[in-house]
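J.: Before I ask anything, let me first share the structure, which is written out below as structure tokens.
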Amino acid sequence: MDSKALFYPRHFLLLACFSLLIGVMSRLHLTGNLAVAFALYGALHAVALVLAVRSRQEIWRKCLFIGFAAALCAMTFHFGSVAREQSAALPGKVGLYSPLGLSAFIGAASYGTLIRLSGIYALTLGKLAAIAAGCVLAAYVSLFTASHFHFLGPWWLAVLWWFTFSAGLWYFDRRHGSPET
């Protein structure tokens, strides 16, 4: 029996399809509210995750996981919005980058904890911190690239964050052995 937590080709294919979907949805302005859009982004990554899990889980647990992931993403968005307002007086770009990085880190850490609690993948604290740090870098790269390519929007942040988080799962699952799930 394969000890890997996820069927990664399926997971990354779903992420690619969902990336195209939210890119098109963004161009069509189907989600006018950013909090709703970010909840959708969280739900879509969670769907890609539960459809790639190798272990059997009840459908209600999968649905509950998706709902919690959507809620976490919306709460992280709200946290980032409040933090950005509070840090607006900071000098230079610190008021922009600090809340974004903190939100990306908290979002990744809370999502990784949810993944662990749901029994999908038992991330250790060190693995979770490394993945969260990668998500901070992805958030900064998305902000930088979106500022230069104006057709990119908030969905671009989600896409880079998705692939960074999932690449971290893949890396630790493949390189360091799969933990007990």
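The values are calculated or read from the model by the stated rules, or taken from the named source; none is laboratory data. Not measured: the values here are computed from a predicted model. All Cβ positions, glycine included, derive from the backbone under ideal geometry; neighbour counts span all protein chains shown.
J.: Considering only residues of the stretch 29-78 that are over 12 Å from the mean Cα position of the chain (by Cα) and hydroxyl-bearing (Ser, Thr, Tyr), which is nearest to residue 101 (Cα to Cα)?
T.: 31
J.: Could you check how many residues of the stretch 127-149 are out of contact with any Leu (no Cβ under 7 Å at 6 or more places or on another chain), at pLDDT below 95 and among the small types (Gly, Ala, Ser)?
T.: The qualifying residues number 1.
J.: For the stretch 22-34, give me each residue that is part of a helix (DSSP H, G or I), among the hydrophobic types (A, V, I, L, M, F, W, C) and loosely packed, with under 14 Cβ neighbours inside 10 Å.
T.: Result: 24, single match.
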